[in-house]
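Only the coordinates and a few stated rules stand behind these numbers; no lab work does. Keep in mind that what you see is a predicted model, and the values were worked out from it rather than measured. A quick note on method: Cβ atoms are made from the backbone with ideal geometry, for glycine too, and the neighbour counts reach across all protein chains shown.
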Amino acid sequence: MSKVLLVHAKGGPPLGHVLSRAAARAEVHLLALSALPPSVAGPAGRLCASVVTASDARRRDLVALIVSRAEAVGADAVLTFSEYAVVAVAEACETLGLAGAGSAAALARDKRLMRRTWREHGLPQPEFRPVATEDDLREAVAVLPFPLLLKAAWSAGSTAHQIIRSPHEAPAAWRRSREVMAESALLGYSELHVAEADADFVVEEIVTGTASDWFDESGWGDYVSVEGVVADGTFHPVCLSGRMPTVEPFTERAGITPALLPAAAQDRIVALARRSVDALGLRDCGTHTEIKLGADGRMWLIETAARFGGAMTVPQIEEVFGLDLVGMLVDHLLGRPVEWPEQALTPAQAHGAAGSLVVLAVDSRGEPWQDRRVWDFPAVAADVPLGPGSELS
């Protein structure tokens, strides 16, 4: 039976979902760079041929660690679903001669390199400047149009995002973003392979999005994500996911599959996602491309990741379209034939819809609560109106 080394770190799809699908296709050996969720620790022992924990991964040569473990178990494929381990796993696969994202993986991780590459290819994106010091930020805010968004170059999930509306706000934003990145690193939400990655930032203009020009219904956010995969260097779009409007500064509240877009609009969005992925030169990996939607058909690339979307994106796709993306990617990396969708699947092909809600400590206007509350799911669930055939978990 083929053997797979799965490298686990913070983020990505639920580990239990990943393990069960991967174990159905191959003998799985788990290398955990962060602690396993309590609910998964037991099943992991049953689903995996071996489980090794290396929680001090940031202090190690991570590529060498992955290569060594892969060689020890005789892995035929190595993969990760965590943004924080993508580059290390890609480099390990290069060393081992296995299929992976390839040497271009860093372009889909470091937002400075990503934006520079897109600029070289003439792709639409917000104006930006790389920032490494407070002086860099001061120079950037002097030339870029306000409002601006300061973001960590290696972050994920909108960590440390700060909106800057005037020059005098820049120093405080710089200090706070650096503090948040340092705090996140202590919790395991930071790049594991690149030293001092929490010191790299990019500042960019905030473009004005509008959902009403794209969606026939109200309630949608002004950006979408194109979920897909690159197989042997060819991009295969799978579907589009929509969002609810974010909470400031740009914190996601919900992901919804599928995005209820007209066919012509979906085709245009997918075409831009294809150009963004092709420009980065990825080889064998999942992809997740976020695109801002503007008035009069304008679009701007936000980012492309060399992995599947995190949180519940992958389970939602399986629920709605019946595609086991984890199992399909495992099969591809092992050299088995896989039938990827010929084009991005549409709402007309979906079996209902699925969404995941992030419970944030804010009111309906996005203002943070001023006191602490206790989360009581049964009480909340009893008051949520559901349509026939729908369920809340």
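For the chain, modelled as a GNM whose springs connect Cα atoms under 10 angstrom apart, the maximal fluctuation among 101, 54, 85 occurs at 54. Basic side chains Lys and Arg get +1 at the Cβ, acidic Asp and Glu get -1 at the Cβ, and with that the dipole of the chain about its Cα centre reaches some 520 debye. Highest-first packing order for the peptide set 221-229, 205-213 is 221-229, 205-213, based on the mean count of other beta carbon atoms within 10 Å.
Rounded to the nearest 20 Debye, what is the dipole magnitude of region 132-263 about its Cα centre when Lys and Arg each give +1 and Asp and Glu each give -1 at the C-beta? Dipole about the Cα centre, nearest 20: 280 debye.
For residue 157, the amide hydrogen comes within under 5 Å of no other amide hydrogen, counting only partners 5 or more places away or on other chains and with H modelled in the peptide plane. Most fluctuating residue of 145, 262, 378 in a GNM of the chain with Cα springs under 10 Å: which is it? It is 378.
Comparing 131, 89, 327 along the charge dipole axis of the chain, the residue lying farthest to the positive side is 89, per the Cβ-charge model.
Local charge for residue 75 was computed over the other residues whose Cβ lies under 13 Å away, with Lys and Arg +1 and Asp and Glu -1, and equals -1. Computed packing ranks the peptides 104-111, 295-302 as 104-111, 295-302, most packed first, by mean other Cβ atoms within 10 Å.
Of 103, 393, 218, the sequence from fewest to most neighbouring Cβ atoms within 10 angstrom is 393, 218, 103. When only Cα pairs below 8 angstrom with a gap of at least 6 residues are kept, the chain shows a relative contact order of 17 percent.
Mean projected area of the Cα convex hull of region 3-98, taken over all directions, amounts to 5.3 nm².
From the gyration tensor of the Cα coordinates in region 163-249, what semi-axes in whole Å does the equivalent ellipsoid have, largest first, with each one equal to sqrt(5λ)?
On the way: eigenvalues 177, 110, 30 Å².
So the three semi-axes of region 163-249 are 30, 23, 12 Å.
In this structure the amide hydrogen of residue 302, modeled in the peptide plane, comes within under 5 Å of the amide hydrogens of 290, 291, 292, none closer than 5 places in sequence on its chain. Each part reduced to its alpha carbon centroid, region 157-224 and region 6-45 end up 28 Å apart.
If you take the alpha carbon radius of gyration of region 224-316 and divide it by 2.2 N^0.38 Å, what ratio comes out, to two decimals? Intermediate results must be reported in sequence, preceding the final value.
On the way: Rg = 12.8 Å, N = 93, 2.2 N^0.38 = 12.3 Å.
That works out to 1.04 for region 224-316.
Distances between placed amide hydrogens fall under 5 Å for residue 362 paired with 369, all partners being 5 or more residues away or on another chain.
Going from the residue with the fewest nearby Cβ atoms within 10 Å to the one with the most, 163, 291 rank 163, 291. Here the alpha carbons of the chain define both size measures, Rg and Dmax, at 20.6, 61 Å. Between residue 319 and residue 49, take the C-beta separation as r, use R0 = 30 Å, and let me know the FRET efficiency to the nearest 0.05. Approximately 0.60, to the nearest 0.05. Sorted fewest first by neighbouring Cβ atoms within 10 angstrom, 112, 119 come out as 119, 112. Label separation (residue 380 vs residue 364): 1.7 nm, computed from points 7 Å beyond Cα along the C-beta direction.
Based on a Kirkwood Rh over C-alpha pairs, give the Stokes-Einstein translational diffusion coefficient of region 128-205 at 4 °C and viscosity 1.567 mPa s in µm²/s. List each step's numbers first, then the result.
Working: Rh = 12.3 Å.
Taking Rh from Cα pairs, D becomes 105 µm²/s.
Rounded to 0.05, the FRET efficiency of the residue 213 and residue 119 pair, given R0 = 25 Å and the Cβ-Cβ distance, is 0.50. A simple charge model with +1 on the Cβ of Lys and Arg, -1 on the Cβ of Asp and Glu and nothing else charged puts the dipole of region 223-382 at about 300 debye relative to its Cα centre. Spin-label model, residue 336/residue 139: points 7 Å from Cα along the beta carbon direction are separated by 5.3 nm.
For region 197-213, 3J(HN,Hα) computed residue by residue from phi via the Karplus equation (6.51, -1.76, 1.60; θ = phi - 60°) reads 5, 6, 9, 9, 9, 9, 10, 9, 5, 9, 7, 8, x, 8, 8, 5, 6 Hz, glycine and proline entered as x.
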